[in-house]
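Below is one structure; the comments refer to it alone.
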Amino acid sequence: MSTLSLTSTVVRSTDQVSTDLGGEAVILGLQSGEYFSLEGVGLRIWELLETPHTAADLLAAILAAYEVEAVAAERDLLAVLGALVAEGLVEVQ
Amino acid sequence: MSGTPLNEADWDALIELAAFHRVAPLLQRSLRGAGPHAPHPKLEAYVRSASSRGLLLTGELLRLLKHWEAAGVQAIPFKGPALAVQLYGDPALRHFDDLDVLVRAQDFPAAKEIVLALGFQPRERHSLHESFSLFRGDLEIVLELHWEFMPMPEVFPFAPHLNEAWPRCETVTLSGHKARAFAPADQLLYLCAHGGRHLWFRLQWICDVAQLLYTQPNLDWDQLMAQAKTSGGERMLLLGLSVAYDLLGAPLPSAIETKIRKDRHTAKLTRQVKGYYFDAPLEIVKPWKETFFPLQLIDRPTDRLAYLPRLWWHQLRSSTFDKSRTSEPTQGA
């Protein structure tokens, strides 16, 4: 498994299907058969990941939209992306 | 909408109605951020449950499509998640209970074998005149594998002609996967045939037509009307357009609007459909109505005269013959 960094390009994997419930995305991992739910910042990241983005782009979007401290935001973003990749919902290109 | 919030009983009634009409996801989406009518938690819960189920079926459809593709079987998913993505951009915005896929008659045996190998079994009453019913027990998913568009095509002679629809197929993207879909004009004719056959009793079907008209402003109307006329489906098309226009304000070119308004037959049928909605909102259409209503949608007088005899002949055949006898295409069809 590759290590995620700000230069990684990420996108939704094709091994999932998702729907927008408004304020919440429900995602079904097709390999695991498990459901996931994303809200708030996680939801925003998911929406952006419909098309490929670098983690740096995503960070910029978060910093623009939310009042968060940059270092913490970067750490949290990479953690969220790491989790999504681990669950097969996002892939690194 | 007035500012008076709905009470608990109102919400229960609304959710029941929306569920019957299969428009709960659309309702929930429209009500988001709408102040006193913001979605009730019960509606949210219902939609989450229905949408999650929709995702499960979508995933299964993708699995089937992948295996058919690998085996060279061409398949067109229609209704269900493919239509949801085509019309609404989200697989769970249409409520659907099972999967419908069309394959070519000559590919049917291979398609069926693949499905059986993927964990499905034939259902007890598996064979209809146009599709074979399969069931995956662990996920409780029903798949209707079609070789024909509409049941009893010689009884309902207004479905778009299959061989012509295949080459016109388009591609939709279903969660990053490419899938075949009917071209919008063929999709519209199908929606009008299906809805009309069922007296337009589910609002979802009218929404689908309206949404198609809204998202496809550049339909070739001359070609569409000509196609409908050739297949004997002009009345059926006009009624579908009329109910979408009248009940939901769907956009239509002014020439078509005029045609619909001036056609007394269409106006009469539209009133019947509206009467059903406002007088008997939760009634499943009675069987005798479902038998006679489509009669009014058949263009050609000779087809109208033949309709009842053909229908009864079909029903007689299905009830008297061995239920395991199928009309499915076999190898070498």
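Quick notes
- Phi angles of the stretch A:76-93 translate, via the Karplus equation with coefficients 6.51, -1.76, 1.60 and θ = phi - 60°, into HN-Hα couplings of 5, 4, 5, 5, 4, 4, x, 5, 5, 5, 4, 8, x, 8, 10, 10, 9, 8 Hz per residue; Gly and Pro are given as x.
- Arranged from fewest to most other beta-carbon atoms within 10 Å of their beta carbon, B:Asp107, B:Asp98 become B:Asp98, B:Asp107.
- Straight-line reach from B:Lys259: taking Cα to Cα under 12 Å and skipping same-chain neighbours fewer than 8 places apart, the aspartates and glutamates in range are B:Glu234.
- Here the stretch A:9-88 is described by how far its Cα atoms reach on the three principal axes: 35, 25, 19 Å, from widest to narrowest.
- Peptide A:8-20 is shielded by partner chain Cβ atoms: per residue, an average of 5 of them sit within 10 Å of its Cβ.
- Treating each Cα of the stretch B:64-148 as an identical point scatterer and summing with the Debye formula, the log10 of I(q)/I(0) at q = 0.13, 0.18, 0.23, 0.24 Å⁻¹ comes to -0.40, -0.77, -1.18, -1.25.
- Cα-based radius of gyration of the protein assembly as shown once divided by 2.2 N^0.38 Å, which approximates compact folds: 1.08
- Averaged over the residues of peptide B:170-182, the number of Cβ atoms from other protein chains lying within 10 Å of each residue's Cβ is 2.
- Taking every residue in B:48-59 and counting other chain Cβ atoms within 10 Å of its Cβ, the average works out to 4.
- Rule-of-thumb Rg ratio for the stretch B:1-131 [Cα; 2.2 N^0.38 Å; N residues]: 1.33
- Prolate/oblate/rounded label for the stretch B:184-310 (Cα gyration tensor, a/c 1.5): oblate
- The mean sequence separation of alpha-carbon pairs under 8 Å and at least six residues apart, normalised by the residue count of the stretch B:183-324, gives a relative contact order of 30 percent.
- Burial ranking of peptide ranges B:13-23, B:204-214, A:61-71 (average Cβ count within 10 Å, highest at the top): B:204-214, B:13-23, A:61-71
- Scoring B:178-186, B:53-61, A:48-56 by mean Cβ neighbours within 10 Å over their residues and listing the highest first yields B:53-61, B:178-186, A:48-56.
Coordinate-derived values only; no laboratory data. Please read all numbers here as calculations on a predicted model, not as lab measurements. Every residue, glycine among them, receives a Cβ derived from its backbone with ideal geometry; neighbour counts consider all protein chains shown.
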